[in-house]
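Participant: Take a look at this one; I'll ask things after.
No lab work stands behind these numbers, since they all come straight from the coordinates. Everything numeric in this text was worked out from a predicted model, so none of it was measured. Cβ sites come from the backbone with ideal geometry, for glycine too, and all protein chains shown count toward neighbours.
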Amino acid sequence: MNEEIVEIEEVEELDDIPDAEEESDIVVFDPFLNSIFPVLLINSNQKILFSNSACKNLFSGFEHLRGKYLTDIFGKFLEMNDIRSIRETLQRGTNSYSWKGEIKIKSRERATLQVKIYIFPADVAEKEPQIFIAMFDDVTEENKELLRSVFLSLLEASKLKDNDTGKHITRVNYYSKRFATELFNKKGYERIDADFIDNIGFLASMHDVGKIGTPDDILNKEGPLSEWEWTVMKEHTKNGAFILSTYPNPMAKEIALSHHEKWNGSGYPFNLEGDMIPLAARIVSIADVYDALRMERSYKPAVDHKATVEKMMESKSTQFDPSLIEVFYTIAGDFEDIYEKNKDAG
């Protein structure tokens, strides 16, 4: 390969590539300019020589690619063994100068990106290649959908048990995601990132999945529960945590276990109080109670939006996190919109 090509740093389009001694020196760029596959060209020192539009779009919001080294961008997301393996592949020819792996790339502003990486020589005929293709396969949504489909099956099974909830779980998802989005730029909630917002927007619906283990005669009883029935009912939090213990994000278990805890320690199952209650569970608690009050159930009439907000504000510092309930008050109108747009039929 011509040395001039090896040192290219800021190529944006084919027309911007400097003149080469032979046409064969630049054909390596041509197939990837408009390719749907995200592609980088790197040299044996992992310096990025070229990135196509698909690659820049894929990593937008995470990193600027131009003029950097592969390890600058992905080093913090790779195991040390992988970093060493890539270097040996490019410089010593391990595995025929080819490497493949999978990484998760994370930033606060964008949900985690899960990609497979394939690195191989740009010219397989070269005995000691100097330029390499790094091709990326975005498997984020594929893996997410596969994982969530399994747990959605459990959710559907639990809905068959508790058939008086209508679109309750759908609305709780929307409320919780809206709430987390509001907290994203507020001081003191730096731990809320794009992943948190995305996850709570799905996992909030799983809060009562443990009711799949609650006897039907208790779950669907009209009127108040007896003391022993209430004891059995409260076990749904522990059951849900057990069911969701295999979910890779601990938020799932935290919500199921703790969404009935109260700020003053009078909730269940463990009488947690204050910040001992996981943040996601505190958010879902507010979303769940708002929707439960709004709904007509077999044992209670519906409460209108204004009365619901007033009633919830009365529970500031007792049932609810006082800071969060103040945030709820500022966005309560959005909760009402969500309820009206997703109201149960009939």
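Participant: Given (i) 1.31; (ii) 1.01; (iii) 1.15 as candidate values of Cα Rg over 2.2 N^0.38 Å, which corresponds to the one derived from the coordinates?
Facilitator: Given (i) 1.31; (ii) 1.01; (iii) 1.15, the structure-derived one carries the label (i).
Participant: Further question: Pop a pseudo-label 7 angstrom from the Cα along the beta-carbon direction at both residue 315 and residue 220 and give the gap in nm to one decimal.
Facilitator: Result for the modelled spin labels: 2.6 nm.
Participant: If the limit is 28 Å between Cα atoms, which of 68/253; 144/253; 100/186; 100/127; 161/341; 116/341 go over it?
Facilitator: In this structure, 68/253; 100/186; 116/341 exceed 28 Å between Cα atoms.
Participant: Subtracting the Cα-Cα distance from 0.36 nm times the residue separation, let me have the gained length for residue 337 to residue 271 in nm, one decimal.
Facilitator: Residue separation times 0.36 nm, minus the Cα-Cα distance, leaves 20.5 nm.
Participant: Sticking with this one: Calculate, in nm to one decimal, what residue 170 and residue 299 gain on full extension: separation in residues at 0.36 nm each, minus their alpha carbon distance.
Facilitator: The residue 170-residue 299 span can extend by a further 44.3 nm.
Participant: Same structure, new question: Any idea how far apart residue 126 and residue 307 come out in nm if each label point goes 7 Å out from Cα toward Cβ?
Facilitator: With each label point 7 Å from Cα toward Cβ, the separation is 7.6 nm.
Participant: Report the residues of segment 296-327 in range of a label on residue 345: point 7 Å along Cα→C-beta, backbone N strictly under 18 Å from it.
Facilitator: Those under the cut-off are 296.
Participant: In percent, what relative contact order does the chain have, based on Cα pairs under 8 Å that are 6 or more apart in sequence?
Facilitator: 11 percent
Participant: For the residues 282, 297, 191, what sequence is obtained by ranking on other C-beta atoms within 10 Å, fewest first?
Facilitator: 191, 297, 282
Participant: Can you put 123, 217 in order of Cβ neighbours within 10 angstrom, beginning with the fewest?
Facilitator: Listed from fewest to most nearby Cβ atoms, that is 217, 123.
Participant: Summing -39500 (n - 2.57) over the DSSP H runs of n ≥ 4 in the chain and dividing by its residue number, what mean residue ellipticity at 222 nm do you reach, to the nearest 500 deg cm²/dmol?
Facilitator: Roughly -13000 deg cm²/dmol at 222 nm, from the helical runs in the chain.
Participant: Between residue 156 and residue 110, how many nm apart are label points set 7 Å from Cα along the C-beta direction?
Facilitator: 3.3 nm
Participant: Quick check: residue separation of residue 137 and residue 60 times 0.36 nm, minus the Cα distance between them. What number comes out in nm?
Facilitator: 26.2 nm
Participant: Assuming R0 = 25 Å, what is the FRET efficiency of residue 190 and residue 72, from their Cβ-Cβ distance, to the nearest 0.05?
Facilitator: The calculated FRET efficiency here is 0.55.
Participant: Take the alpha-carbon centre of segment 280-310, take the same for segment 55-83, and report the distance between them in whole Å.
Facilitator: Here the answer is 45 Å between Cα centres.
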